Each structure stands twice: as C-alpha cells, then as structure tokens.
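Structure record follows, encoded as structure tokens.
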Amino acid sequence: MSRIREYWIRLENQVWDASPWGIDRREGKLTPQPGSGLFRPASGEILILTAYGNDWAQPLNQPFNAWDLAESTGSRNHGALPGCLIEAKVADEIIVHFRNQDMRQLPAAQRVHGLHAHGVQRIGLFDGAFPLSPPDPQQGNRRGDRIRPGESFTYRWTCPQKAAAGVWLLHDAGPDGRASTAAGAFGVIVIRAPGEQTGDLPDAPIRQINDTSVQFGGLPDPPRQADYMLVFHRLPGVGLCLNGRQRLGNTPTLLAGTRTRMTIRCLNATFEPLSFHIHGHRWQRETGYVDAEILPAGGGATLSMLSDSAENGGGMGEWLIVGQAGDDVVHGSLVVAESGPLTLQSATT
C-alpha cells in the first residue's frame with residue numbers, strides 16, 4: 001500500500017572536521033591539530049542538508065549509520081554528512097519541504113540553491129535543475145532550482161514502478177550546484193522494493209562513554225540484518241572522503257556479526273568514476289560474482305552479502321573498505337565481531 005513520506009530538510013553551513021578523532025590508524029599516528037582546534041578542517045564552511053522534525057522544529061540528530069563505531073558523539077560531533085536520508089517504498093509519494101539557510105559570508109547570488117533527486121519521478125516544477133524549472137504559482141511563483149537564502153520550497157516526487165528501487169543521490173543542482181554539492185550539499189534516497197525489510201537497530205549504545213577510536217568496552221549484540229550507507233565525495237581542502245570523513249579511525253567502521261545479512265548501499269557524489277572494494281568479500285552481479293564495483297559520477301550500487309559465508313566471504317576480524325577516484329584513495333572498514341570488548345588494530349599495535 002502506498003504512503004506519503006514527508007520530510008523537512010534545511011540547508012545549513014558549518015565548520016567541518018574530516019578527522020574528528022585525531023588519529024590515522026593506517027599510519028599509526030595522531031593527526032597534527034592546527035590552531036583552529038580541528039584536526040582535518042575543510043577549506044571554509046561546508047554545507048549540510050540537515051534533516052528536521054515537522055515544520056523544521058528541531059534537528060533529528062539521528063546517526064546516519066546506526067552501526068558505525070567511528071561516528072563521533074558529544075563534543076566531537078560536528079554534524080553528520082550526508083545530513084539527510086530519505087526512505088520510501090515503491091509506489092510511495094515523497095514530499096520534501098526544503099529551506100535554504102545558507103548563511104556563509106558570500107554574496108547572496110552564490111547562496112541560491114535547489115534540490116535535484118535521482119531515481120524518482122517528478123514534473124518540471126519539482127526537478128530542481130537550473131535553469132529549467134518553471135515558476136510554481138502555488139508557491140508564490142518561486143522556482144525549485146533557485147531558492148534564495150531564507151526562502152522555502154516544497155518538492156513532490158513519486159516512485160511508482162519497481163525501477164525506482166535502489167539507492168539514489170539527492171544533491172544541489174541550483175545555479176552553483178556543482179560547487180555546492182562538492183561543499184556537502186547532498187543526501188541519500190533509499191527506495192525499497194516491495195517486501196524489502198529495513199535493517200536492525202542496536203538494542204543498546206554501540207559506544208560506551210570511555211570508548212576511543214580503537215578501544216570499545218562492550219559492544220551490543222551485532223545485527224542479524226544491517227543496512228549500511230557509504231557515500232564517496234570530495235571536500236574542498238580535504239580531498240576524497242567517505243561520509244564526510246578521511247583517514248582510518250575517523251571514516252566509517254561498520255559493525256557486523258557472523259551471519260549478518262548485510263545490505264551495503266554505495267553512492268558516488270564525486271564528478272568522476274570511482275572504484276569500490278571490500279577486502280575479503282564478494283557479491284553477486286548478474287550471473288557471476290565480483291569483489292569490486294565501478295560507480296559512475298552520481299551513480300550508486302546496492303550490495304547484498306551474508307557475513308562469514310562460503311559464498312560471500314569475510315569472517316571474524318576487520319576488513320578494509322577502499323574507494324578510489326583518480327589517484328585519491330579513502331579507507332573505511334567492516335568489523336565482524338561478537339558482543340563484548342573489542343580492540344581494533346593500527347600500524348602501531
């Protein structure tokens with residue numbers, strides 16, 4: 001049965017630390033901290049599509065990946081990137097209320113934005129791709145491809161056919177959309193096929209108060225079914241990132257258990273092809289099996305694997321996740337572990 005899925009999203013600017021834990025586990029060393037107090041700052045403030053409750057009352061502050069051991073909390077939390085996740089099922093209608101709160105110290109003309117969604121269907125009013133969106137008489141003749149600072153616009157998208165099922169990029173396609181997308185103005189759309197289930201959520205916090213980026217006092221039971229989101233992109237002044245982070249120990253460290261049914265959704269938000277690989281694992285692609293994906297610019301892939309199986313590989317331990325675009329490489333990891341204490345390895349251990 002179809003439903004209306006309603007979202008409230010605000011575009012905001014903020015400073016960003018791509019390595020908030022101050023560590024590089026591949027190099028086995030701490031990251032120098034400059035006078036700004038950030039270990040790996042982007043050049044200038046970035047943009048985040050922040051998910052809010054109804055009427056933009058307050059940010060939802062939900063973790064982007066519920067099973068990410070490296071997702072920072074407390075004083076280390078400089079937000080989440082991507083900042084919004086839109087979820088629906090085939091046949092649903094999606095309503096997105098968008099507000100432009102880009103308050104960077106730039107001319108107003110450089111702070112005009114719009115939202116463009118891949119994978120869904122829409123009429124020209126709601127395509128959000130500059131300069132083709134016509135005025136919407138129902139919204140004061142505003143155009144969905146050029147929302148000025150302080151203004152709002154409501155987009156309506158549908159996903160009536162099974163071809164919509166998958167993971168899709170949501171990004172700024174306004175007058176300066178390429179630069180804004182590079183600065184962080186992107187999100188994720190997940191359209192589930194009929195009968196497709198959502199992943200488990202932790203029944204206890206996956207981090208204890210004294211946990212570090214390598215020491216965990218007590219993990220909860222790992223998921224039986226997990227849904228992970230991985231977005232590769234470039235941040236100005238930082239380079240290739242994974243979910244807004246760079247350097248192992250800061251990038252996603254995804255937790256699974258033996259026999260976890262894993263759905264890994266990957267998106268390429270760069271402007272060039274990108275290769276994706278998980279060490280020790282393989283997955284079915286058409287009539288065969290592969291251990292790498294080539295994602296075109298703006299493209300995505302959904303991988304399904306059973307952890308620690310003869311078919312898909314893996315097993316107990318930690319496995320590198322590798323993304324490469326051109327000469328730039330970024331690493332995350334997949335940790336297969338049971339509940340209880342955990343120590344992760346680095347070049348110094």
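Computed from the coordinates by the stated procedures, all read-outs in this text should not be read as laboratory data. These figures come from a predicted structure and were not determined experimentally. Cβ sites come from the backbone with ideal geometry, for glycine too, and all protein chains shown count toward neighbours.
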* To do: For segment 133-142, state whether one or more residues are more than 21 Å from Gly83 (Cβ to Cβ) and hydroxyl-bearing (Ser, Thr, Tyr).
  => yes
* To do: Check Phe276, Phe271 and return the single one that is under 26 Å from Pro236 (Cβ atoms) and either among the aliphatic types (A, V, I, L, M) or outside any strand (DSSP E or B) (or both).
  => Phe271
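This table checks each residue for (1) more than 20 Å from Gln215 (Cα to Cα); (2) of a type outside the set (S, T, N, Q).
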residue	(1), (2)
His277	yes, yes
Arg282	yes, yes
Gly288	yes, yes
Asp308	yes, yes
Leu320	no, yes
Thr343	no, no
* To do: Could you check Pro220 against (1) free of Cβ contacts under 8 Å to residues at least 40 places away in the same chain; (2) more than 14 Å from the chain's Cα centre (by Cα); (3) surrounded by 14 or more Cβ atoms within 10 Å (Cβ to Cβ) and say which number it fails?
  => (1)
* Only residues that are over 17 Å from the mean Cα position of the chain (by Cα), part of a loop (DSSP other than H, G, I, E, B) and not β-branched (Val, Ile, Thr): list them for segment 1-30, please. => Met1, Ser2, Arg3, Trp21, Gly22, Arg25, Arg26, Glu27, Gly28
* **Members of segment 327-343 that are touching an Asp or Glu at 6+ places or on another chain (Cβ under 6 Å) and not β-branched (Val, Ile, Thr)** => Ser333, Ser339
* **Scan of segment 139-169 for residues that are touching a strand residue (DSSP E or B) at 6+ places or on another chain (Cβ under 9 Å), surrounded by fewer than 20 Cβ atoms within 10 Å (Cβ to Cβ) and either assigned to a helix (DSSP H, G or I) or among the small types (Gly, Ala, Ser) (or both), ordered by number** => Gln139, Gly150, Ser152, Ala165, Gly166
* To do: May I ask you to say which residue of Leu38, Leu47 is of a type outside the set (D, E, K, R) and assigned to a strand (DSSP E or B)?
  => Leu47
* Report yes if some residue within segment 178-187 is under 10 Å from Val90 (Cα atoms) and touching a Phe, Trp or Tyr at 6+ places or on another chain (Cβ under 8 Å); otherwise report no. => no
